[in-house]
Ligand SMILES: [Zn+2]
């Protein structure tokens, strides 16, 4: 009897230990799951678990680099409402939610619907059957620059991108015409009928434009690569260049006379660049363009359309001459132009473009930080220094003199990209950078159908540069 009693006591003891272990394990797993539930398996936008998340978590905020709230969720009796305090100013880059998702709302959807609040708080909210509060997205965007860019576009269609070439941070990304993300559901049908204006299109990433003379940066780089003594180049511009029945004219009937390579670039002489283009090797030209990310997916997963460089080994003279001056079949997105310019400004190294600096829980604790990283060297340091010198000449004596004599120094290239059959219709381009040391900014502007780059895109870029250096004057 005694023995049996001991045995059953032992058995009860073993069962208790087992149950305690099991209980601890389950609690541990539950805590782990709540705290670290993996986002990887639910990253797909179409995963229904995202909808389930939205039922359990109040969507987090989207915040600018200077601490302003760009999007937040208001809880009302009638339900939740997403508020965008800046209305159309950040519409494309921040995006919308409700009628599908776009912009950062789409890119960071899972993070916004994930709560990394303190564990005890999350558990108590869950017990009380309340929603947890989602994480906040702190972007790289600056409200001052975004407003300056949006205002600079004014009534014109177009896009402006600004970037820090040394960190890859996108400082602003404006596209016009825009829409009000606060009323996207109500306006949806109307916005979708406006095919000409296409206000929902983010022109900075989705717009493909002929680059016009901004493409001479690429042509110049290729000419330099193919000719060690490229600076011995001389040309006599009589206003046009003809080869095999193809005639290329200088913009607005200009005649540039006897010029060297640097002046050809600074004054943006089409005849001289058609002449240069005629000497280039099509295959090598294409290789250089593709090394600069033409026909490629851009880094950063920002939803960019691929830029196109169509020149082939077998392409005819006409295509070749037009390509050299940025006309023909070549098209590029404003963001891509900003990336090429960033590489020049950063000694040839392209930083991976970043729109999100970090993810924070709603208490402001950093959950994840996106560090600056190199994407790819687009050109050698020597080549970047060469382009830098030439782009400074554009501002000193060429088509960008409206940017000379300021409190900051600018290097850049203008463009007036002709489109359509009407003579004189051109998109105004400017791409360039300013600043020294750690304070450098790249600005790329395209204004649709406005006219020349120097008259329309340069003043727009100046407004963004001015805003940047006004902000950094004291820092
Ligand atoms: Zn000329």
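Per-structure values
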{"item": "Relative contact order of the chain, pairs being alpha-carbon contacts under 8 Å that are 6 or more residues apart, as %", "result": "15"}
{"item": "Gained length - residue 80 relative to residue 308, 0.36 nm times residue gap less alpha-carbon distance", "result": "77.8 nm"}
{"item": "Under the Debye formula (equal points on every Cα, no solvent term), log10 I(q)/I(0) of the stretch 44-140 at q = 0.10, 0.18, 0.26 Å⁻¹", "result": "-0.26, -0.85, -1.48"}
{"item": "Principal-axis tilt of helix 381-397 within the chain, Cα atoms, nearest 10 degrees", "result": "60"}
{"item": "For the stretch 53-80 and the stretch 232-272, distance of Cα centres in Å", "result": "56"}
{"item": "With Cα atoms, 0 to 90° folded angle of helix 143-153 axis to the chain main axis", "result": "40"}
{"item": "Residues 317, 269 arranged by fewest to most Cβ contacts within 10 Å", "result": "317, 269"}
{"item": "Residue order, fewest to most surrounding Cβ atoms within 10 angstrom, among 173, 26", "result": "26, 173"}
{"item": "Length-normalised contact order of the stretch 44-140 in % [C-alpha pairs under 8 Å, at least 6 apart]", "result": "35"}
{"item": "Least to most buried among 247, 219 (fewest other Cβ within 10 Å first)", "result": "247, 219"}
{"item": "Antiparallel DSSP beta bridges within the stretch 44-140, percent to nearest 5", "result": "70"}
{"item": "With Cα atoms, 0 to 90° folded angle of helix 216-226 axis to the chain main axis", "result": "80"}
{"item": "Whole-number percent relative contact order across the stretch 195-266, with pairs defined as alpha carbons under 8 Å at least 6 apart", "result": "26"}
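Every number in this text was worked out from the coordinates using simple rules, so none of it is lab data. Remember, it's a predicted structure, so these values are computed and weren't measured experimentally. Using ideal geometry, Cβ is built from the backbone for each residue, glycine included, and neighbour counts are taken over all protein chains shown.
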